[in-house]
Amino acid sequence: MNIAIMGAMPEEIAPLLERVGEYKLTEFAGNKYYEATYAGHNLVIAYSKIGKVFSTLTATTMLQHFGAELLLFSGVAGAINSKLKIGNLIAATKLCQHDLDITAFGHPHGFVPEGSVFIEADKALVAKAMLVAKDMDLELMEGTIATGDQFIADPVKNKWIGETFKADALEMEGASVACVCNAMNVPFFILRAISDAADMDASFSFDEFLESSAIESANFIIKMVESIE
Ligand code: ADE
């Protein structure tokens with residue numbers, strides 16, 4: 001199967017590249033794409049750069065240019081749900097854009113006409129992830145991830161996103177990747193390991209735990225690839 005694995009930052013894909021060994025590098029539209037074979041699959045791996053615009057470009061490229069039939073996202077997130085601690089994993093069951101706002105026209109936060117506030121991740125991939133977690137003896141939370149073009153380092157904003165969308169974690173790319181895959185009918189799975197609590201200490205915590213949490217997420221994604229037939 002042709003599988004795309006994407007992250008947003010170099011740190012999020014570095015552990016994946018280490019694991020797959022040899023790869024072919026292609027530059028396309030300002031990004032580097034790494035093609036490799038692993039566990040009987042053709043992988044295309046890339047980091048998009050941070051945010052919804054760049055992640056949309058990369059996800060679209062992986063599907064349209066590289067022919068990916070399934071997309072897995074590996075990366076880090078800020079916690080909203082207090083059960084999520086540094087290094088814990090969350091699999092998105094649904095995703096929304098917390099900074100999409102045409103409420104002036106009477107629409108709910110995160111909604112645009114002909115769209116929907118939430119996009120659901122592929123249920124079969126989430127179910128597979130739960131089995132993989134059991135196998136690895138790891139806790140994996142299923143939950144809602146809120147995406148926006150802001151690094152959240154403010155308890156008030158964190159609380160607002162949590163209450164408005166009943167979200168468990170937040171980051172800056174998941175919902176845009178979900179939009180692309182949903183529009184193109186490609187199953188997707190968004191995994192995040194917690195790097196910070198999206199509070200006043202978030203930037204320090206992010207810098208401290210980006211690498212270790214990115215490794216947690218990448219290790220899990222590798223096991224997911226191994227479990228896909
Ligand atoms: N990714 C990881 N931590 C984050 C935060 N606090 N805000 C937005 N994206 C993040």
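Read-outs: derived from the displayed coordinates by stated rules, not from any lab. On a predicted model such as this, the values are computed, not experimentally measured, just so you know. Here the Cβ positions follow ideal geometry from the backbone for every residue, glycine too, while neighbour counts run over all protein chains shown.
General remarks:
- Shape class of the chain from the alpha-carbon gyration tensor: prolate, with a/c at 1.5 or above and a/b greater than b/c.
- Beyond 28 Å in Cα-Cα separation lie the following of the pairs 24/123; 32/166; 52/134; 83/157; 85/166: 24/123; 32/166; 52/134.
- Extreme residue, positive dipole direction of the chain, given options 132, 117, 213 (C-beta unit charges): 117
- Rounded if a/c under 1.5, otherwise prolate or oblate - the stretch 1-90, Cα gyration tensor axes: prolate
- Cα-centred dipole magnitude for the chain, charges only on beta-carbon of K, R (+1) and D, E (-1), debye, nearest 20: 400 debye
- Note on the stretch 182-207 and the stretch 107-123: Cα centroid distance 18 Å, given to the nearest whole angstrom.
- Helix 10-20 and the long axis of the chain differ in direction by around 30°, with both axes built from C-alpha atoms.
- Computed from Cα positions, the angle between helix 155-165 and the longest principal axis of the chain comes to roughly 80 degrees.
- The shape of the stretch 85-157 comes out oblate: with a ≥ b ≥ c from the C-alpha gyration tensor, a/c is at least 1.5 while a/b does not beat b/c.
- Derived scalar couplings between HN and Hα for the stretch 170-176 equal 9, 7, 10, 9, x, 5, 5 Hz in order, rounded to whole Hz, by the Karplus curve 6.51 cos²θ - 1.76 cosθ + 1.60 (θ = phi - 60°), x for Gly and Pro.
- Segment residue 208-residue 14, length gained on full extension (0.36 nm per residue, minus Cα span): 68.2 nm
- Using the Cβ of residue 56 as centre and a radius below 13 Å, the other residues enclosed give a net charge of 0, where K and R count +1 and D and E count -1.
- Tilt relative to the chain, helix 123-136 - C-alpha long axis, 0 to 90 degrees, to 10: 70 degrees
- Percent antiparallel among DSSP beta bridges (both partners in the stretch 2-227, rounded to 5): 35 percent
- Each Lys or Arg adds one and each Asp or Glu takes one away; over the other residues whose Cβ falls under 11 Å from the Cβ of residue 25, this sums to -1.
- Distant-in-sequence amide contacts of residue 88, defined by a placed amide H-H separation under 5 Å and a gap of 5 or more residues or a different chain, comprise 194.
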